[in-house]
1. Can we say A:PHE76 is surrounded by fewer than 24 Cβ atoms within 10 Å (Cβ to Cβ) and at pLDDT 95 or above?
2. When you go through B:ILE176, B:ILE168, B:ILE135, B:ILE191 one by one, which is the residue that is at pLDDT below 90, out of contact with any helix residue (DSSP H, G or I) (no Cβ under 6 Å at 6 or more places or on another chain) and buried (at least 18 other Cβ atoms within 10 Å of the Cβ)?
3. Tell me which residues, restricted to segment B:153-162, are more than 17 Å from B:LYS202 (Cβ to Cβ) and either surrounded by fewer than 20 Cβ atoms within 10 Å (Cβ to Cβ) or in contact (Cβ under 8 Å) with a residue 60 or more places away in the chain (or both).
4. Going by the conditions given, is C:ILE257 over 14 Å from the mean Cα position of the chain (by Cα) and either modelled with pLDDT of 95 or more or more than 8 Å from every other protein chain (Cβ to nearest Cβ) (or both)?
5. Of the residues that make up segment C:155-165, is at least one in contact with a Lys or Arg (Cβ under 9 Å, 6 or more places away or on another chain), under 23 Å from C:LEU57 (Cα atoms), open to solvent by less than 10 Å² (accessible area, probe 1.4 Å) and at pLDDT below 95?
6. Identify, from the list C:LEU67, C:LEU25, C:LEU53, the residue that is open to solvent by 50 Å² or more (accessible area, probe 1.4 Å) and among the hydrophobic types (A, V, I, L, M, F, W, C).
7. What number goes with the only condition from (1) surrounded by fewer than 20 Cβ atoms within 10 Å (Cβ to Cβ); (2) in contact with a helix residue (DSSP H, G or I) (Cβ under 8 Å, 6 or more places away or on another chain); (3) more than 10 Å from chain C (Cβ to nearest Cβ) that A:GLY25 does not pass?
8. What pairs can you find where one residue is in segment C:317-345 and part of a strand (DSSP E or B), the other is open to solvent by less than 60 Å² (accessible area, probe 1.4 Å) and hydroxyl-bearing (Ser, Thr, Tyr), and their Cβ atoms are less than 9 Å apart, with a gap of 6+ or different chains?
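The values are calculated or read from the model by the stated rules, or taken from the named source; none is laboratory data. Keep in mind that what you see is a predicted model, and the values were worked out from it rather than measured. Note that each Cβ is placed from the backbone with ideal geometry, even for glycine, and that neighbours are counted across all protein chains shown. What goes into the accessible areas is simple: the full protein's heavy atoms, side chains included, and nothing from ligands, DNA or RNA. Shrake-Rupley method; radii C 1.70, N 1.55, O 1.52, S 1.80 Å.
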Amino acid sequence: MLELFKQYNFLLVLVGVTVFSASAGAIGVISVLRRQSLIGDAISHATLPGIVIVFMLLQTKNSFLFLVGAIIAGIFAYLLILLINNNTKIDLDTTLAITLTFFFGLGMMLLSISSKSKNAAQAGIQEYIFGSAATINQMDVIMIVITSIIVLCVYLFLYKEIKIFIFDELQAILSGFEPKIMHIIILISSLIVISVGIQSVGVILVSAMLIGPGVSALQWSKKFHVVVILSAIFGAISGFTGVLLSSYVDKLPTGSTVVFIMSIITVVSILISRLKFKKEK
Amino acid sequence: MENIIEVEDLTIAYQNKPIIWDIDLKIKNNVILAIVGPNGAGKSTLIKGILSLIPSLSGKIEIFGKNINKNKGKIAYVPQVGNVNWDFPTTVLDVVLMGRYVHLGWVKKPTKKDKEKAMEALKMIEMENFADRQISQLSGGQKQRVFLARALVQEAELYFLDEPMQGIDIKSEAIIFDILKKMKSEGKTIIVVHHDLKTVKKYFDSVIFINKNIIAYGDVETTFTKENIDKTYIGIQDVGII
Amino acid sequence: MQQEIILILILTTISCALTGSFLVLRKMSMITDAISHTVLLGIIIAYFVTRDLNSPLLFILATLFGLITVWLVELIVKTKRVKEDASIGIIFPLFFSLSIILITKYAHHVHIDKDVVLLGQLVLTPLSRVTLFGYSFPVALVSSTLITIINVIFIIIFYKELKITSFDKEYSKLIGISNTLISFLLMSLVSSTAVMSFDIVGAILVISLMIVPASSAYLITKKLVMMIVLTLLFAVSGSLIGYAIAYYFDISVTGVISVVNGIIFIVVMLLNAESSVIYKYGLKKFKKKKFEQQLILIHIYNHEKDFEELGVETINLHLNWPRKKLEKHILDLTKNEMLYKNNTMYHLTTKGKKYITKVLNK
């Protein structure tokens, strides 16, 4: 009985992490191409206060409501980024750093208010950053799968809109595609991915998976649809291999192993594409 | 329809300085029109204002007798410098195909017919062999032709081209103007911001002289005169025209 | 005790804010986020070598890794396969995940608290002490004083070079200032300041101190001296206010100060704000009135004697302005004798004509 339970648990983690990494990789391509890679990192950190506030109100863990809290915090963070961008000449990098520290600091503050002990607060933050992949439950996996379906639908239905929006926003406007709608759709899908990921695999893995797969895929193909599919594949491979490896080898943290494998894939992809480039010269 | 574009009392300012003042224009249908003027005269601004791409301080604009938002499919615009994401992985054919999107609306996918039309447009600009090339690998002149093809494939009725000949060799320039002439014979209206006064008489039938105000507007025969040129290019030496 | 803590906080604040201001000017803010994650690898490797948590090698290697991070990011960007923002987003997960793997696998028992890097232990700093010149000082006080002095000396010595390379890279190359050298020195300073400060106040607060007060100052002035002064002003007051609140309510110091810094920034931004669209494509409020009145005069000038355009009833339709606005302007202009009404139409006076020809010819 225990054996079966252990096996099922393992399957949950395997499926959860693999599917999540694939969908994060796919949706991340858009930000990478728009030179906004680090927005994912900033907003991932920024969702903390949302989760903490929900926890303060409920006094218990509720995956779905945490998700809602995270998304709302993410929206506010994005609004702050827009506000700074529209009202000042401050560059995106600095804007992200300001938003990140402000929101994350707010989360830390609230967490320390609500926690009975400093250790509990620290444990909470640790779980937030590193995730607790080992304790992914069925609800988490369901949410991850739903998220991936959302990402899939976005690409299926709005493929040409995404293309024209990234390539030539002016032309998109002139063709009657209201950019605000695109911005909102991309924002919400990214937020859902981020918020679901935060709960199961932690900030580090989320922000890494939004960037690494996309960058890697771009080294291999010049066709957009191939790039998106390849990103999903690279993400999935890292997720799958990472979970497998960390289960077989002793004392290997799941999240970090996945990220490390993804980073290696990225570095190798860059090296190979650089060599190819040099050869062509 | 006699006047395809009607502009009334249009004024546009940018960062505390007015660029064009109180513009009145009734642009006729089915012409190849050149907009000329010195740097900073407001040529691009005029076009962007007509297209409502930038907000105006005063005035009214009507295209085909209606507001621009009701006309998106019928109007094509090829802007000056491609403020475009050159890192985006896309082929030449893909870019040209984007010209069909305005007729598809949300969600609908480009059809086989759309792809055929895109190839046709590529043939027109004599670049059908470049269909699978990455857009970033093209030269400046080639990129310009691709964006023209994108405008062509839209099958619009009114075309705005902002300095399309910049950085283009003579051969390509001739090809493009041949295409424009053909388009005019099909009933289209083409408005071009043109920088080379030497070729205005050769390629255009109407001209607008602008320098913050409209100095003159009319047929090239009657309006492209030394007097109007002088009035527009006050103080600018050696404009170098006949 | 309290005084020591506050002193340590202020010194850390000053050194972070000073180095950070140049990062903001060079638009390299997120590199601080990257460094805060990657120095951990340096600490780990140094620990494996020395097996001693208090060895200075930890500090040295951590700082080195900060520099390596910057170097690697630039290297990747040079390959032209990846843009700068994505390069940062590749390097730091690589190093950080590796450090976590190494800690978890080989140093699980050791008290390298990953959170300490994140949260810092400001309130505990008086506990770790060292004796110098016969007096007992907290280690943190010594280190933060040292780092502040180094920062100040560096900025004083290299002020000219820092100023030129931060504002105008091209010009600096022309007059022979090595941008690479200055960058290297600056990033070494950033790295060592960061590493030193992580231990005291935690990574998040270090990033906040480096970036946010300088950004607030940047909104107000671009003059370097003024900006540095304002940065320090914002930074120190933010830290003091934040610490007071955190102390009084017994909550996270890092969190509160980060929030206070953010609030200061937002307040400065809102006080300075001009909505982008209005600023770009319109006019500042006080000039708007004059401009609109000029527009009316130009309109009359252009359409002399055209009843349709200039009729008392119809003119607002042509300009496409609300009636009230137009009437207010007309009243003003009539008072100033720029125009007059005649036969239900508007005309320019001689004074008006003269004025507007001058405006058009400008």
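1. yes
2. Within the list B:ILE176, B:ILE168, B:ILE135, B:ILE191, the selection yields B:ILE176.
3. B:GLN154, B:GLU155, B:ALA156, B:GLU157, B:LEU158, B:TYR159, B:PHE160, B:ASP162
4. Criteria met by C:ILE257.
5. no
6. Going through C:LEU67, C:LEU25, C:LEU53 in turn, the sole match is C:LEU53.
7. Exception for A:GLY25: condition (1).
8. Cβ pairs passing all conditions: C:LEU339/C:TYR346; C:LEU339/C:THR349; C:TYR340/C:TYR346; C:TYR340/C:THR349.
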